[in-house]
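Worksheet: the structure to be examined is printed underneath.
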Amino acid sequence: MAIVGVLALQGSFNEHIAALRRLGVKGVEIRKPEQLLNVASLIIPGGESTTMAKLAELHNLFPALREFVRMGKPVWGTCAGLIFLANKATGQKTGGQGLVGGLDCTVHRNFFGSQLQSFETELSIPELVSSEGGPETFRGVFIRAPAILDVGPEVQVLAHCPVSSNSNLHSNSSGEGKEEKDSERKVIVAVRQGNLLATAFHPELTSDNRWHSYFLKMVGDVEESSSSIASIGVNNSTFERSKTDLPIFI
């Protein structure tokens, strides 16, 4: 059975583990840096990002998490996990919070407002449908959710969420609220950059397992690539040894 690490400092880690179990995959709780050595992929769940960051600092997890990302291992961040993975975050509490980084984007913490402004909506997900099939939309659960304000050239946008201009939500990286002239605009709520996946919403709070399945395919692709590279290394080493064994003709 495949094993996926789930950061279990706070938030919806149990829900992610349950979703993985439905797909026949074991999720293991990660709370200490050394536990990352036992997994090849990681999910950073939704929760209260400031609290999660304080706990990560307490357990000295940030260096290990940054190294995990730097090594190219698959990591998926949902909601607060998205904030963790972003290279830059705005709208934070006084003093800010630690970030893991690696994902070339700017996120706005609590872009959609307070707990009372949490909502669900149908999201268009063409890339997910192409990979996993199923309905053309996914039910996005947004709870005090962030949004992605801008992305770098290597980042693939997987989903947008429409927002009405009269909602007076934040729309730029400075964190100042402004209203768009258009009656409706869209913000980015799901992206992928290489081995990093991030969603502003909570797939683990639905019965639709397609995002988890998509991530597991990312994990499988990385493992297959690593095996191929290792095989090439072994073959080259064998070839180098074989050359020394060849007879020398003078």
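The values are calculated or read from the model by the stated rules, or taken from the named source; none is laboratory data. These numbers come from a predicted model, not from an experiment. When we count neighbours, we look across all protein chains shown, and the Cβ atoms used for this are built from the backbone with ideal geometry, even at glycine. These area figures cover heavy atoms from the full protein model, side chains too; ligands, DNA and RNA do not enter into them. Shrake-Rupley method; radii C 1.70, N 1.55, O 1.52, S 1.80 Å.
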| field | Burial order of peptide ranges 121-129, 139-147, 73-81 (average beta-carbon count within 10 Å, highest first) | value | 73-81, 139-147, 121-129
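Out of the total accessible area of the range 1-159 (probe 1.4 Å, heavy atoms of protein only), what percent is carbon and sulfur? Present the calculation step by step, with values, prior to reporting the outcome.
Numbers: 3480 of 6890 Å².
Answer for the range 1-159 is 51 percent, counting heavy atoms of protein chains only.
Using a 1.4 Å probe, what is the accessible area per residue for the range 1-118, in Å²?
Values: 4970 Å² over 118 residues.
Averaged over the residues of the range 1-118, the accessible area is 42 Å².
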| task | Starting from the residue with the highest accessible area, list Arg210, Arg66 in decreasing order, probe 1.4 Å. | result | Arg66, Arg210
| query | With every protein chain kept in the model, how would you rank Leu149, Leu116 by accessible area, 1.4 Å probe, largest at the top? | reply | Leu116, Leu149
| field | the range 36-142: antiparallel DSSP beta bridges as a percent of all, rounded to 5 | value | 45
| said: If I ignore ligands, DNA and RNA and count only protein heavy atoms, how much of Ser207 is accessible to a 1.4 Å probe, in Å² to the nearest 10? | reply: 110
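Below 8 Å, C-alpha to C-alpha, sequence gap of six or more: please give me the relative contact order for the range 78-142 in percent. Write down the numbers at each step before the final one.
On the way: 78 pairs, mean separation 16.4, N = 65.
Once divided by the residue count of the range 78-142, the mean separation gives 25 percent.
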| said: Which order do you get for Lys26, Lys186 if you rank them by accessible area with a 1.4 Å probe, largest at the top? | reply: Lys186, Lys26
| message | Please list, in order, the residues from the range 202-216 whose amide nitrogen is less than 20 Å from a point placed 7 Å along the Cα→Cβ vector of Gln156. | response | 203, 209-216
